[in-house]
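Working notes, beginning with the structure itself.
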Amino acid sequence: MLQECIDIKNHPVKELQVSVQNYLNTIQNLPKGTIFNPSHCDKKLSGFIGIKRKTKSKNTRDLIEEFQESFLNLNQGDRNRFILIFNQTNDVRTQFANPNTAIRLPNYPNGLKKSSKALFLNLYEKILNKYGIKDHYKKVYKEKRDSWCPFCGMEKFISFNRFKQDYDHLLYKAVYPVASINMYNLVPMGIKCNRIHKKTKDLLMDDKGNYRSAVNPYFDIIQPRFDLKGSNMSSDPLKRIWKVNITPNSTEVKTWDNVFDITARCKEDFLEKIDKSKHETECDKLINAFRIDKANRVLFEKESGIYVKWNLKRLEAEIKLKRMSFNTNYYHEYNFIKYAVFDFLLTDECLNYRKAILKMII
Ligand SMILES: [Zn+2]
């Protein structure tokens, strides 16, 4: 969301979606009771779905037969409605623009909920890899201009040589199963974002059941800015009070913060977590490195005879310079929160803290 997701044009992994769409169109008006025949699918898909199993664990062939049977048991109106749900949900861009029109599994036609979910999840888990999702990741990894997770800017992607990055279903697959093989609904995401933070959260509905807007990174990005106004910067890390503010105050930004726990991660992992060996947080490490660097500068100036006594003004100019350095690649390596820390150091609330830094430098 902080970076646009790379769309690999004409990649074969996108063919599965088209094949399934064609299959649904083929069976839409078939007489009730028509048994599934591989010729209902195109050659590529029918080559992957396997042969009928007699065991308890079902393969794609078993699941597509069950799906077709329940689909053809529907009356024509419900059949048409399901195809409409399929088409509408898979128009992912429009779906994100109109969150109140999204149709979730409980509203699928009765008689098709179980079999459609089972089939689409199976297509995602067992068939999509046959269409080359690993190769898709290889291309995304190579084309991406950096390795930072585009959802948080706090973790990195892993090389395709070791691992295929998690592909997250923006519209969660158990709730919107018909969109589970759509590559505009599948995005490579950092492991922490996918497995710890987003998990099963619904981008288009909050946990109280209210519709909300979100951005789909294939089509749109957000550009949030961070500040720490209202925080209390005590020299004792345990006494500090952090307030992380994110602007603009739009629904899309709020959704992002809620889904990926951004505020909490900034606070817990960067501002508050204390490294016991040094009794300092990541934030302190950063400020201390700055302070040591400036103290060395003062020492150098004194030794080379060019020293002019440092005052608060000079320190503030150095803090501004440091702050600027985080403005490039703002969404990498926690830079947005590092920027906010140095920005906050310049506020009136931090005057005493600045004075204390100056004392340590000169
Ligand atoms: Zn992430």
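Where a number appears in this text, it was derived from the coordinates with a stated rule and is not lab data. Computed from a predicted model, the values in this text were never measured in an experiment. Cβ placement follows ideal geometry from the backbone for every residue including glycine, while neighbour counts extend to all protein chains displayed.
Computed per residue of the chain from DSSP H runs no shorter than four, each worth -39500 (n - 2.57), the mean residue ellipticity at 222 nm is -12500 deg cm²/dmol. Shown here is the pair-distance distribution of the range 273-362: with all Cα-Cα distances grouped in 5 Å bins from zero up to the longest one, the shares run 3, 13, 21, 24, 19, 13, 6, 2, 0 percent.
The phi torsions of the range 209-215, fed into the Karplus equation with coefficients 6.51, -1.76 and 1.60 and a -60° offset, translate into couplings of x, 8, 5, 8, 8, 8, 9 Hz, rounded to whole numbers, with Gly and Pro shown as x. The phi-based Karplus calculation (6.51 cos²θ - 1.76 cosθ + 1.60; θ = phi - 60°) puts the 3J(HN,Hα) values of the range 218-226 at 6, 10, 7, 9, 10, 10, x, 10, 10 Hz, whole numbers, x for Gly and Pro. Computed from phi, the 3J(HN,Hα) profile of the range 39-44 under the Karplus parametrisation 6.51, -1.76, 1.60 (θ = phi - 60°) reads 6, 5, 10, 6, 4, 5 Hz, with x in place of Gly and Pro.
Once both axes come from the Cα atoms, what is the angle between helix 60-73 and the longest principal axis of the chain, in degrees from 0 to 90, rounded to 10? Long axis of 60-73 versus the principal axis of the chain: about 70 degrees. Under 5 Å from the amide H of Glu280 lie the amide H atoms of Asp275, each residue being 5 or more positions distant or on a separate chain, with H modelled from the backbone and absent for Pro and chain starts.
Using the Cβ of Gly111 as centre and a radius below 14 Å, the other residues enclosed give a net charge of +3, where K and R count +1 and D and E count -1.
If we count every other residue with Cβ under 12 angstrom of Asp166's Cβ, Lys/Arg +1 and Asp/Glu -1, where does the sum land?
Details: positive: Lys164, Lys192, Arg195, Lys198, Lys199; negative: Glu155, Asp168.
Once positives and negatives cancel, what remains is +3.
Taking all Cα-Cα distances within the range 12-198, those exceeding 20 Å account for 58%.
Relative contact order, whole percent, for the range 12-198 stands at 23, derived from Cα pairs under 8 Å and 6 or more residues apart. The ellipsoid that matches the Cα gyration tensor of the range 108-241 has semi-axes, each √(5λ) in whole angstrom, of 33, 22, 13, with the longest given first. Listing Val308, Val253 from fewest to most neighbouring C-beta atoms within 10 Å gives Val308, Val253. For the residues Asn245, Asn98, Asn37, a GNM of the chain with alpha-carbon springs under 10 Å puts the largest fluctuation on Asn37. Kindly flag which residue pairs out of Lys9/Lys208; Lys156/Lys338; Lys229/Lys355; Lys52/Lys192; Lys229/Lys359; Lys14/Lys138 have an alpha-carbon separation exceeding 27 Å in this structure. Checking Cα-Cα distances, Lys9/Lys208; Lys52/Lys192 exceed 27 Å. Among Lys113, Lys14, Lys208, sorting on how many other beta-carbon atoms sit within 10 Å of each Cβ, with the fewest leading, yields Lys208, Lys113, Lys14. Residues considered: Thr55, Thr200, Thr255. Largest GNM mean-square fluctuation over the chain, using C-alpha springs under 10 Å, is found at Thr55.
In summary, the range 226-282 shows an alpha-carbon radius of gyration equal to 1.27 times the 2.2 N^0.38 Å reference for compact globular proteins. By the equivalent-ellipsoid construction on the alpha carbon gyration tensor, the chain comes out with semi-axes of 54, 20, 16 Å, ordered largest to smallest. Expressed in units of 2.2 N^0.38 Å, where N is the residue count, the Cα radius of gyration of the range 1-98 is 1.27.
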